[in-house]
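No lab work stands behind these numbers, since they all come straight from the coordinates. Given the structure is predicted, the values throughout are model-derived calculations rather than measurements. Backbone-built Cβ (ideal geometry, glycine too); neighbour counts: all protein chains shown.
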Amino acid sequence: MRFSHRFSPAHAFKIIYFFVVILLVNLSYVWTFYLLSATHITPISAENFKAYVALIPAISISSLILCDTFHLSRFFRKKPGTILSQTVWFVIVQTMVTTTAKDMLLQRAFPRSVLIFSIIIMFAMLSLWSGLCLHLSHKFYEKNRLVIIGGSLTSARLIRDKIMPLLHHYDLELTDTLIYSDRIGIRNAIMDQSEVFICPDVPDETKSEIILQCARKNTVAYMVPQYYEIALFQSRIINFDDLMVFLVDRMSLKFEQRILKRVLDIILSLLALIITSPFLLISAILIKCTSKGKVIYRQERLTIDKKSYFIYKLRTMYSDAEKKTGPVISGANDPRVTPIGKFLRRSKLDEVPQFINVLKGEMSVVGPRSERPDFVQKFESEIPAYDQRFAVKAGITGLAQVVGSYDTTPQDKLRYDLLYIKNYSVLEDFKIILHTFRVIFTPKLYKRSFHENMEQFAPSATRDEIRASRKKRKEQASEKSSSDDTFSI
């Protein structure tokens, strides 16, 4: 995308968007008046509509302000899910503003029934309009070039392989991968207004210099944050005389947050266990009938302050599944998982018994996913700040789970876990719970195969066996190929 301060078609598009938003907000009230009157749900008089007419200036001005406040008009690199979330907040706050305005401006004849029913109409119209504009916005944003800058070519290529399938969604085309020491190549890329992707292993000093160059040339930069940078997210600004500083608060929940979170955990857990009890009973019967072993699987995990506890899950694997492999993160085509276990994992029903752990105070409904002591010991030795995720209770679901998948790398999961702790709120918990229902219906559960995870997480002796087996299969395939060639000659 080429940025310019001159008036362009993209700017005209934004003005039209603002105008239509104001129009649709007012139309939602007008149509609600008409529907309620036509269906005789609520008696509507001329005095009622006259009160709305008197509020049109206040409604229109507040719509314009809220549209900017919730970034409805910013379509650059936006996803459809973000549009829905922003629209929900816009409609809620707009309704509150209209309610307040009718009382302050003494237009109490404006019916509350219109305010309530207009919420659905307003949300539907604004969502459709914003979705259409998101589609149209791609016409105004050119397919821009992207350059990946890494601490090494290896790290740059790892990032390249990870993000390549997603680039077309963001109107981006990968043109080069560079090492951070290639200052001439980086400068030329930025001068050419290529967007840059900064890998996490780029030194801080160089990272700062690259971002400054991007700012000067008004180009876009993407940065994978280090853990201290996540700690700076939304930090308070304190002034010591004329010295501006960030107050980096403690990476934990406040006392009142812990109390409120515990109350909500108890309420949600009781509701979940009551609602899912018939499904748990049917699942238990199917598990018992299809494979040997206990229905409930207990496994040692670590929660807040690395306290050990036993997590409860419906058994999805065969008994003694890890006897040969040892502790290995699951992946696609995992032979240890039973047929009914695949369904339970897909539907997340295997996680439901963990609500018992929540009632016991060992877990929370939302929080960083609990890990086994073996994995924790391994990750702590390899990943800086990994121990910070134990500042809160482990959760049944979490930000890392709704954004990633079962086998998202521990480094990437940690970034989301720390962001959750840093940015905690009750509202954030409810958003994660709602996103969890979306994840249940996501078709792709794993990003990597079980055998790929075996090579990374299995004990060294097992990994040696895997490599030896793979080498033997390659040699056999090579011998067969040679034999076929000889025969054909």
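If a spin label sat at a point 7 angstrom from the Cα of K79 along the line to its beta carbon, the backbone N atoms of region 153-176 nearer than 19 Å would be those of 159-173. Among L55, L232, L134, the order by Cβ neighbours within 10 angstrom, fewest to most, reads L232, L134, L55. Among W89, W129, the order by Cβ neighbours within 10 angstrom, fewest to most, reads W89, W129.
Of the trypsin sites (Lys or Arg not before Pro) found in region 363-402, no site is in coil according to DSSP while having at most 12 other Cβ atoms within 10 Å of its Cβ.
Of the trypsin sites (Lys or Arg not before Pro) found in region 234-299, those that fall in a DSSP loop while having at most 15 other beta-carbon atoms within 10 Å are R250, K254, K292, K294. Compactness of region 9-137, taken as the C-alpha radius of gyration over 2.2 N^0.38 Å, stands at 1.08. Region 184-240 and region 115-164 have Cα centres lying 20 Å from one another. Computed over region 144-224, the P(r) curve from all C-alpha pair distances, binned at 5 Å from the origin, holds 3, 17, 31, 27, 16, 5, 0 percent per bin.
Which chymotrypsin sites (Phe, Trp or Tyr not before Pro) in region 228-318 sit in a loop by DSSP (not H, G, I, E or B) and have at most 13 other Cβ atoms within 10 Å of their own Cβ? Could the numbers behind the result be given before it?
Numbers: sites: Y228, F233, F240, F246, F255, F279, Y297, Y309, F310, Y312, Y318; in loops: F233, Y318.
Counting only loop positions with at most 13 other Cβ atoms within 10 Å, the chymotrypsin sites (Phe, Trp or Tyr not before Pro) in region 228-318 are F233.
In this label model, I275 and I65 are separated by 3.7 nm, measuring between points 7 Å along each Cα→Cβ vector. When only alpha carbons are used to place a centre, region 2-81 and region 273-299 end up 50 Å from one another.
Exceedance of the 28 Å cut-off in Cα-Cα distance is limited, within the set K50/K79; K217/K431; K207/K307; K78/K102; K162/K313; K261/K307, to K50/K79; K217/K431; K207/K307; K78/K102; K162/K313.
Between L247 and F310, full extension at 0.36 nm per residue minus the direct alpha carbon distance yields a gain of 18.9 nm.
Counting other beta carbons within 10 Å of each residue's own, what order do C289, C214 fall into, fewest first?
C289, C214
Counting 0.36 nm for each residue step from S381 to F18 and taking away their Cα separation leaves a gain of 125.5 nm.
Full extension of the chain between I120 and E173 yields a length gain of 15.2 nm, computed as 0.36 nm times the residue separation minus the alpha carbon distance.
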